[in-house]
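The values are calculated or read from the model by the stated rules, or taken from the named source; none is laboratory data. Owing to the predicted nature of the structure, the values given are computational and were not obtained by experimental measurement. Heads up, the Cβs are rebuilt from the backbone with ideal geometry, glycines too, and the neighbour counts pull from every protein chain shown.
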Amino acid sequence: MTRPWIDLVRNSRLLTSLYSEVPSLEAVRIRSVHLDWRGPSLTLRLDLSSFPDNLPADLLWPGHDTLQIHIKFLAIDRVTFSGLPRSLVDISFSPMGEDRVSVVATEGAGGFSFTASSDLIVGHVASFVRAGDGSDAGPRRFLSRLDARLFTSLPDVCERTFYERI
């Protein structure tokens, strides 16, 4: 039996404190994929499939309906893309020995896969209102005090301190 993905997260308290039951990574929207040759690492920015039921009052904003996170995978290898997903994807994990996992994201004919360390990191947790067209532009509230001080909306893709560090 495969362990829930949250069991692989080094700093899982970030999410377990927000949810009675952390949602699976099924039917999630991947917003960006960041590859970094130093590491090498891969970071997914994605919208979880459900909104938290234990969100702190300082993160609650009227109308917010989506929680977005970054998941960083370390020591990646064997990255393959068969088209970029354009809708909701299912992300699955398969153990590959003591400290490695195979990660597969599938959506219709598109998707990608890679292997990584089984030690994941979550960061840049934020709530926002998903626009009618599904976009994630607009104001957001970040869980991290540093993120909240630096950003009130999604930073531009060239903002290295946001996209390369968790």
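Considering every residue within segment 136-151, establish whether at least one is under 26 Å from TRP37 (Cα atoms), within 18 Å of the chain's Cα centre (by Cα) and touching a residue at least 40 places away in the same chain (Cβ under 8 Å).
Within segment 136-151, none of the residues are under 26 Å from TRP37 (Cα atoms), within 18 Å of the chain's Cα centre (by Cα) and touching a residue at least 40 places away in the same chain (Cβ under 8 Å).
Assess whether LEU25 counts as being modelled with pLDDT of 95 or more and in a loop (DSSP other than H, G, I, E, B).
In short, yes.
Every residue in segment 31-62 that is at pLDDT below 90 and part of a loop (DSSP other than H, G, I, E, B), please.
Answer for segment 31-62, where residues must be at pLDDT below 90 and part of a loop (DSSP other than H, G, I, E, B): TRP37, ARG38, GLY39, ASN54, LEU55, PRO56, LEU60, TRP61, PRO62.
Quick one: count up the residues across segment 137-166 that are out of contact with any Asp or Glu (no Cβ under 7 Å at 6 or more places or on another chain) and either acidic (Asp, Glu) or in a loop (DSSP other than H, G, I, E, B) (or both).
14
Could you grab me the full set of residues in segment 65-106 that are over 24 Å from ARG165 (Cβ atoms) and surrounded by 19 or more Cβ atoms within 10 Å (Cβ to Cβ)?
PRO85, VAL89
Out of (1) farther than 19 Å from PRO139 by Cβ; (2) among the acidic types (Asp, Glu); (3) under 14 Å from the mean Cα position of the chain (by Cα), the odd one out for GLU107 is which?
Of (1) farther than 19 Å from PRO139 by Cβ; (2) among the acidic types (Asp, Glu); (3) under 14 Å from the mean Cα position of the chain (by Cα), only one is false for GLU107: (3).
Give the residues of segment 96-115 that are in a strand (DSSP E or B) and either hydrophobic (A, V, I, L, M, F, W, C) or touching a residue at least 40 places away in the same chain (Cβ under 8 Å) (or both), sorted by residue number.
Hits for segment 96-115 are VAL101, VAL103, VAL104, ALA105, PHE112, PHE114.
Name, by its number, the condition in (1) assigned to a helix (DSSP H, G or I); (2) over 12 Å from the mean Cα position of the chain (by Cα); (3) crowded, with 16+ Cβ neighbours inside 10 Å that does not hold for ASP7.
Result: ASP7 passes all but (3).
Among the residues of segment 98-133 satisfying the criterion of being more than 21 Å from VAL22 (Cα to Cα) and in contact with a Phe, Trp or Tyr (Cβ under 6 Å, 6 or more places away or on another chain), which is modelled with the lowest pLDDT?
Ranking the qualifying residues of segment 98-133, first place goes to PHE112.
ASP90 - would you say it is outside any helix (DSSP H, G or I) and out of contact with any strand residue (DSSP E or B) (no Cβ under 9 Å at 6 or more places or on another chain)?
no
From the list LEU67, LEU14, LEU59, LEU35, pick out the single residue that is in contact (Cβ under 8 Å) with a residue 60 or more places away in the chain, out of contact with any Gly (no Cβ under 7 Å at 6 or more places or on another chain), of a type in the set (A, V, I, L, M) and over 16 Å from LEU154 (Cα atoms).
Only one candidate passes the filter, namely LEU14.
Among residues belonging to segment 63-81 that are out of contact with any Phe, Trp or Tyr (no Cβ under 7 Å at 6 or more places or on another chain) and in a loop (DSSP other than H, G, I, E, B), point out the one that is modelled with the highest pLDDT.
Checked segment 63-81; the qualifying residue modelled with the highest pLDDT is ALA75.
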